[in-house]
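The block underneath contains the structure these notes are about, expressed in structure tokens.
What follows is calculated from the coordinates using simple rules that are stated; it is not laboratory data. Nothing here was measured: the structure is a model prediction, and the numbers come from that model. Note that each Cβ is placed from the backbone with ideal geometry, even for glycine, and that neighbours are counted across all protein chains shown.
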Amino acid sequence: MEITIKHFDGQYPSFNILLHSAPGSEPFLEIKGCKIVEGSSGPFISYPSRKQDNGKYWNHVYGGEKFNAAVLKKAQSTTQRPPAPRQAPSHDAVKARQLPPRTASGFDDGDDIPW
């Protein structure tokens with residue numbers, strides 16, 4: 001079995017786990033929305049879950065100890081540097097933006113819309 005990891009950046013960086021029968025083959029299983037979480041006894045894989053009405057989370061996937069260790073090792077080895085936190089643009093940057101020209105009515109007339 002081959003494990004590949006597909007990372008996704010964003011507000012909540014996550015990754016998908018793809019399982020293949022052999023290297024280069026089509027994946028037979030994909031687990032979406034996994035994360036590495038720093039716990040009190042070290043990092044662990046957080047699988048997709050849903051919050052119940054009672055406030056507790058119900059996991060959709062469980063991995064065995066050896067599988068989780070292999071996924072964690074693979075995910076950490078392929079992790080890119082986390083993106084820098086987004087900052088609001090400065091007043092000068094906002095002022096420097098050029099807005100598209102407006103029509104006499106003040107609205108875009110939609111000439112460039114293909115339908």
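What to note about this one:
- Selection within the stretch 11-25: residues that are among the aliphatic types (A, V, I, L, M) and not in a loop (DSSP other than H, G, I, E, B). The member of this set that is farthest from the chain's Cα centre (by Cα) is LEU19.
- Of all residues making up the stretch 1-38, the number that are exposed (fewer than 11 other Cβ atoms within 10 Å of the Cβ) and among the charged types (D, E, K, R): 3
- Some residue of the stretch 55-72 being over 19 Å from GLU2 (Cα atoms), basic (Lys, Arg) and in contact with a Phe, Trp or Tyr (Cβ under 7 Å, 6 or more places away or on another chain): no
- Within the stretch 15-50, tally of residues that are closer than 12 Å to GLN76 by Cα and among the polar types (S, T, N, Q): 0
- Qualifying residue in the stretch 41-52 (condition: without any contact (Cβ under 8 Å) to a residue 60 or more places away in the chain, in a helix (DSSP H, G or I) and either surrounded by fewer than 14 Cβ atoms within 10 Å (Cβ to Cβ) or among the polar types (S, T, N, Q) (or both)): no
- The stretch 1-23 residues that are over 16 Å from PRO48 (Cα atoms), paired with ones that are basic (Lys, Arg) (beta carbon under 8 Å, 6 or more apart): ILE3/LYS74; THR4/LYS74
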